[in-house]
1. Check residue 378 against each of (1) touching a residue at least 12 places away in the same chain (Cβ under 8 Å); (2) surrounded by fewer than 17 Cβ atoms within 10 Å (Cβ to Cβ); (3) under 27 Å from the mean Cα position of the chain (by Cα); (4) assigned to a loop (DSSP other than H, G, I, E, B) and name the one condition it does not meet.
2. Just checking, how many residues over region 250-276 are touching a helix residue (DSSP H, G or I) at 6+ places or on another chain (Cβ under 9 Å) and either surrounded by fewer than 24 Cβ atoms within 10 Å (Cβ to Cβ) or part of a loop (DSSP other than H, G, I, E, B) (or both)?
3. With the condition kept exactly as written, say whether any residue in region 314-329 is assigned to a helix (DSSP H, G or I) and farther than 21 Å from residue 258 by Cβ.
4. Would you confirm, using the coordinates I've provided, whether residue 416 is loosely packed, with under 15 Cβ neighbours inside 10 Å, farther than 30 Å from residue 207 by Cβ and modelled with pLDDT under 90?
5. State the number of residues belonging to region 260-281 that are under 23 Å from the mean Cα position of the chain (by Cα), more than 16 Å from residue 314 (Cβ to Cβ) and touching a residue at least 40 places away in the same chain (Cβ under 8 Å).
6. Assess whether residue 187 counts as being surrounded by fewer than 16 Cβ atoms within 10 Å (Cβ to Cβ), assigned by TED's automatic domain parsing to the domain that holds residue 368, at positive phi and at pLDDT below 95.
7. Quick check on this structure: which one of 185, 178 is within 16 Å of residue 361 (Cα to Cα), in contact with a helix residue (DSSP H, G or I) (Cβ under 7 Å, 6 or more places away or on another chain) and in a helix (DSSP H, G or I)?
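The values are calculated or read from the model by the stated rules, or taken from the named source; none is laboratory data. The model shown is predicted, which means the values in this text are computed figures rather than measured ones. Positions of Cβ are generated from backbone atoms using ideal geometry, with glycine treated the same way; all protein chains shown enter the neighbour counts.
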């Protein structure tokens with residue numbers, strides 16, 4: 001039976017700032033996120049980190065057309081405040097975190113809207129420890145963006161910053177990824193869906209160097225095709241590709257390559273929960289799973305928890321967002337955590353989700369166990385789950401609507417102890433996410449539909 005989630009969890013609310021959500025400042029380029037926002041963010045960061053010395057800041061970007069514009073705006077603001085800016089160019093988000101954490105940088109910025117469509121973009125700020133920026137600093141950036149007068153002094157003469165081409169930083173990151181492989185992949189046929197995004201600059205290089213026969217799709221970005229019918233959010237493309245080519249396994253990344261989902265040799269999806277189970281069980285067997293604990297979010301499937309119970313692995317739950325997962329991991333000394341969507345964090349090796357690193361860790365298990373993914377996951381039985389996203393005019397208004405709350409309450413009562421419902425705001429898009437776990441797919445569709453219908457009838461949906 002599925003343990004019932006209480007009402008407080010059923011309608012989950014996560015505190016967010018005016019501009020910065022769970023994964024940075026995100027919005028449609030030059031509509032809700034414009035060049036002045038980027039310029040002033042750069043101005044603040046260059047000044048804030050340069051109060052006692054000349055700040056060094058590294059910038060990476062994904063393949064969206066607007067990423068070049070935002071990279072330039074950020075650089076202009078930073079150098080105007082006296083910071084030196086190092087450009088990684090097109091690169092995965094985790095490479096920015098790796099470079100900041102391993103080299104002498106004050107902070108890093110990734111220009112990306114992750115899995116969103118090409119016309120959106122975002123500014124992710126990473127602190128000097130390679131972690132998501134502290135909320136109190138984000139609040140100060142928001143205050144500066146909204147200020148009518150510019151209170152930050154401009155650098156002059158030789159105090160003005162400069163920009164430096166730093167492609168070597170991405171090369172070092174690629175070398176680091178290669179160093180994490182424990183065995184050659186020679187003879188294995190591996191598929192990669194690069195989502196026409198940041199993974200295009202890294203993933204094939206890594207797998208080719210490790211000896212795999214690499215088959216790649218969606219690695220020809222043109223500025224507007226990122227995440228378009230491909231990658232981890234449209235994994236059906238990789239499923240078909242793996243089956244058509246008889247591949248041993250496939251990996252799909254999102255736009256900035258901090259997520260990874262897999263497809264087994266039969267073309268079946270291996271989601272984030274399955275990856276955490278696969279890697280967590282292996283790490284426990286080797287005595288390398290700190291505290292014998294995995295950190296998940298409330299969106300993980302109840303079947304995962306049942307399987308973890310059987311193999312003696314404990315688990316903790318956080319709000320949705322890899323930043324909350326990592327905060328829990330740091331606070332409690334845990335080594336593995338993540339989200340069902342594919343953000344997987346191996347804290348010994350990275351400070352954020354890393355799609356390519358996750359691929360390598362999955363391959364380590366397969367090579368050491370000398371078997372296929374489907375066999376390793378045969379004892380993991382998922383419960384039917386359905387998630388529907390509803391684009392809304394106002395997330396708070398939809399969440400606080402009494403009729404919507406009543407519909408959620410009605411679904412809870414229908415499920416009793418046989419399922420759960422979770423309704424939450426997206427931290428990065430104008431969406432309300434409605435998720436139901438129940439005994440059958442049909443019941444999931446029926447109950448999700450009841451809540452979504454109320455949201456639409458009350459005029460909240462776009």
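1. Here residue 378 meets the rest and fails (1).
2. Of the residues in region 250-276, 12 are touching a helix residue (DSSP H, G or I) at 6+ places or on another chain (Cβ under 9 Å) and either surrounded by fewer than 24 Cβ atoms within 10 Å (Cβ to Cβ) or part of a loop (DSSP other than H, G, I, E, B) (or both).
3. No, region 314-329 has no match at all.
4. So residue 416 fits the description; yes.
5. Within region 260-281, residues that are under 23 Å from the mean Cα position of the chain (by Cα), more than 16 Å from residue 314 (Cβ to Cβ) and touching a residue at least 40 places away in the same chain (Cβ under 8 Å) number 12.
6. Considered against the rule, which asks whether it is surrounded by fewer than 16 Cβ atoms within 10 Å (Cβ to Cβ), assigned by TED's automatic domain parsing to the domain that holds residue 368, at positive phi and at pLDDT below 95, residue 187 comes out as yes.
7. Answer to the check: 178.
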